[in-house]
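A.B. asks: Here you go, one structure.
Each reported figure results from applying straightforward, stated rules to the coordinates on display, with no laboratory input. Please read all numbers here as calculations on a predicted model, not as lab measurements. Here the Cβ is made from the backbone with ideal geometry for all residues, glycine too, and neighbour counts use every protein chain on show.
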Amino acid sequence: MTKKESGKARRLRFEIFRYNPEDPESEPHMQAFEIDEAPYMSLYIALNQIRETLDPSLQFDFACRSAICGSCGMMVNGRPTLGCRTLTSDLPEVVRLHPLPVFKLIGDLSVDTGTWFREMVEKSEAWIHAKEAFDPQAKEARMDDDLAQAIYEGERCIECGCCVASCGVANVNQNFAGPAGLNRIARFMMDPRDQRSDAEWFEVVSNSDGVFGCLGMMACHDVCPKELPLLEVYAYLRRKTLVAAFAGRS
Amino acid sequence: MPVKAKNSGTIPTVVSDARRQLYYELVSGASGLVLALFMWGHMVLVGSILTGERGFNWLAEMLEVYYIAQPTVVVILVLFLVHAALASRKIPAQLAERRRMIELGKGLAHAGRDRPATASAISPLQAHVESRLWIWQVRTGMVVLVLGSFHVILLGIDVLTPLFGERPGIEALTSVARVKAGLWLPYAILLLCVEFHASVGLYRLAVKWGVGRHFSRRALHIIERVLLWFFLGLGVVVLLVLADVLSPPLAFLLTGPAT
């Protein structure tokens with residue numbers, strides 16, 4: 001099967017989703033390409049080779065090729081992941097590639113994640129809400145190291161959209177905040193510089209478009225290329241709803 | 001949220017939507033937890049049939065004489081319906097939405113299947129089964145709703161009326177007769193669905209509310225599997241005894257000089 005065989009290179013068959021929404025003639029279909037596997041070949045290298053040698057019209061996104069820019073998310077044999085950090089040696093000989101669902105299709109494997117993430121950020125107002133005016137002369141308030149680390153964990157999200165694509169709820173409910181959205185909300189809830197109250201957050205989080213929309217399928221956590229602790233994020237949000245609802249209410 | 005009334009300070013309005021959603025979530029989780037724990041306790045009690053008819057009858061009578069069984073039947077029926085109503089609010093209504101979820105779950109489960117031995121630890125292609133487990137939880141939940149209702153109503157009649165057997169209450173003789181007459185089939189299906197639904201449900205509940213901070217998810221998954229197979233195994237043996245296929249394996253416990 002896919003075991004590394006010494007010496008002989010495998011012949012890889014890529015079945016790639018093709019569709020150009022801009023072209024009225026274009027029909028969605030799968031197209032197969034075959035290339036020889038090279039040592040340490042990533043999907044980034046493979047797709048570029050296909051475009052250079054077999055079909056220059058193939059559309060896909062890559063920028064940094066080191067799992068930082070988040071543009072090469074795609075469905076690889078039914079699972080969302082980054083093309084640049086997926087080695088063909090970890091895959092079977094037949095590789096099926098689809099664009100990420102949920103997001104707007106640009107063409108073939110290329111999708112527009114930016115609009116989705118911008119809407120999410122605007123809806124949850126994912127920026128620091130301070131009550132006092134900013135004083136550039138004042139010293140920065142100190143922050144506990146553990147807390148700073150926890151906030152940084154959330155900030156590590158590269159917005160590739162793999163979690164959103166893997167989420168059953170995000171796939172069927174356009175209004176759901178989605179894994180990346182909930183992670184973003186939790187990041188600002190944790191931040192002491194953000195002065196939105198628990199009660200304000202409660203209205204945002206405690207509903208079926210917020211954390212209670214989550215079914216606990218856990219796919220987002222398993223597919224996240226940055227291995228963000230998403231399950232812990234949701235548990236944190238759930239516990240915060242309890243605190244907001246019942247603390248100081250006796 | 002409080003609103004200002006014209007002249008009389010603040011008055012509380014109806015429960016805010018956010019608060020209601022929290023209640024739904026809490027009650028659906030808590031009712032699931034209670035029902036799962038009840039199920040396992042119930043299995044142990046029914047397991048008294050393994051000691052023979054005498055042990056089973058004695059236990060059933062104790063629970064009825066002290067009025068434990070009667071209110072339990074009613075409470076469990078109510079919890080059962082509440083849980084069904086609240087848990088089902090998360091099932092997508094449209095067939096196309098369900099199809100999408102099934103397709104997604106299948107893809108995620110299959111992607112890891114071809115994972116070669118050479119795959120590194122950071123390989124993004126590990127097996128993922130939980131999405132599929134959720135879909136099966138919905139399916140088993142539907143089966144439990146139908147067969148479980150039937151069972152609770154049947155046993156409710158048995159406990160509260162003298163319709164079955166010689167007196168109001170559960171007796172080994174009538175139970176065995178019922179199972180032997182053909183109820184073994186729906187009961188076998190119910191057993192499989194209940195045990196799956198309960199153990200996967202508790203696993204998910206634990207992960208959702210962050211028990212995973214103290215236990216790793218892997219550990220929780222193993223606990224889930226152990227509970228599932230233990231109660232499934234116990235259930236199968238109990239069902240075989242009730243169907244009169246197997247003689248009570250623990251009957252020796254109650255034999256002896258006692259009358």
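A.B. asks: Can you work out the Karplus-derived ³J(HN,Hα) for every residue in region A:53-61? Use 6.51 cos²θ - 1.76 cosθ + 1.60 with θ = phi - 60°, whole Hz, and x for glycine or proline.
C.D. replies: Residue by residue, region A:53-61 yields 9, 10, 8, x, 8, 5, 9, 7, 10 Hz.
A.B. asks: Taking θ = phi - 60°, what integer Hz values does the Karplus form 6.51 cos²θ - 1.76 cosθ + 1.60 yield along region B:163-172, in sequence order, with x for Gly and Pro?
C.D. replies: Per residue, the Karplus-derived 3J(HN,Hα) values read 4, 9, x, 8, 9, x, x, 7, 10, 4 Hz.
A.B. asks: Averaged over A:168-178, how many beta carbons belonging to a partner chain fall within 10 Å of each residue's beta carbon?
C.D. replies: Mean number of neighbouring Cβ atoms from other chains: 3.
A.B. asks: Also, I was wondering about something else. Among all cysteines in the protein assembly as shown, which have no other cysteine Cβ under 4.7 Å from their own Cβ?
C.D. replies: Those would be A:Cys72, A:Cys84, A:Cys157, A:Cys160, A:Cys162, A:Cys167, A:Cys214, A:Cys224, B:Cys193, since no other cysteine Cβ in the protein assembly as shown comes under 4.7 Å of theirs.
A.B. asks: While we're here: Given only helices, namely DSSP H runs of n ≥ 4 each adding -39500 (n - 2.57), what is the per-residue ellipticity at 222 nm of chain B, to the nearest 500 deg cm²/dmol? Numbers along the way, then the final one.
C.D. replies: On the way: 8 runs with 168 residues, N = 259.
For chain B, the value works out to -22500 deg cm²/dmol.
A.B. asks: Using alpha carbons only, how many angstrom separate the centre of region A:25-99 from the centre of region A:218-250?
C.D. replies: A separation of 33 Å, based on Cα centres.
A.B. asks: For chain B, set up a GNM with springs between Cα atoms under 10 Å and report which of B:Tyr67, B:Tyr203, B:Tyr24 has the largest fluctuation.
C.D. replies: B:Tyr67
A.B. asks: Can you work out the Karplus-derived ³J(HN,Hα) for every residue in region A:183-197? Use 6.51 cos²θ - 1.76 cosθ + 1.60 with θ = phi - 60°, whole Hz, and x for glycine or proline.
C.D. replies: 4, 5, 4, 4, 4, 7, 5, 6, 6, x, 6, 7, 9, 5, 7
A.B. asks: Still on this structure, I have one more. Under 5 Å between amide H atoms, partner at least 5 residues away or on a different chain: which partners does A:Ser42 have, H built in plane at 1.01 Å?
C.D. replies: A:Thr88
A.B. asks: Which translational diffusion coefficient, to the nearest whole µm²/s, is obtained for region A:103-237 from the Stokes-Einstein equation, given a Kirkwood hydrodynamic radius over C-alpha pairs, 10 °C and 1.306 mPa s?
C.D. replies: Translational D for this selection: 100 µm²/s.
A.B. asks: Another question, then. Grab the DSSP H runs of chain A that are 4 residues or longer, score each as -39,500 (n - 2.57), total them, divide by all residues and round the 222 nm result to the nearest 500 deg cm²/dmol.
C.D. replies: Only helices count here, giving -10000 deg cm²/dmol.
A.B. asks: Please check: in the Gaussian network model of chain A (C-alpha springs, under 10 Å), which one of A:Cys72, A:Cys220, A:Cys157 has the largest mean-square fluctuation.
C.D. replies: Checking each option, the largest mean-square fluctuation is seen for A:Cys157.
A.B. asks: Measure nothing but the geometry: give the 0 to 90° angle between the long axis through the Cα atoms of A:113-123 and the longest principal axis through the Cα atoms of chain A, rounded to 10°.
C.D. replies: In chain A, helix A:113-123 runs at an angle near 10 degrees to the longest axis.
A.B. asks: For chain A, set up a Gaussian network in which alpha carbons nearer than 10 Å are linked by springs, and say which option among A:Leu100, A:Leu47, A:Leu82 fluctuates the most.
C.D. replies: Result for chain A, Cα springs under 10 Å: A:Leu47 fluctuates most.
A.B. asks: What is region A:74-128's relative contact order, in percent, from Cα pairs under 8 angstrom and six or more apart in sequence?
C.D. replies: Computed value for region A:74-128: 27 percent relative contact order.
A.B. asks: Are there chymotrypsin sites (Phe, Trp or Tyr not before Pro) in region A:115-151 that DSSP puts in a loop and that have at most 13 other Cβ atoms within 10 Å, and which ones?
C.D. replies: Counting only loop positions with at most 13 other Cβ atoms within 10 Å, the chymotrypsin sites (Phe, Trp or Tyr not before Pro) in region A:115-151 are A:Trp127, A:Phe134.
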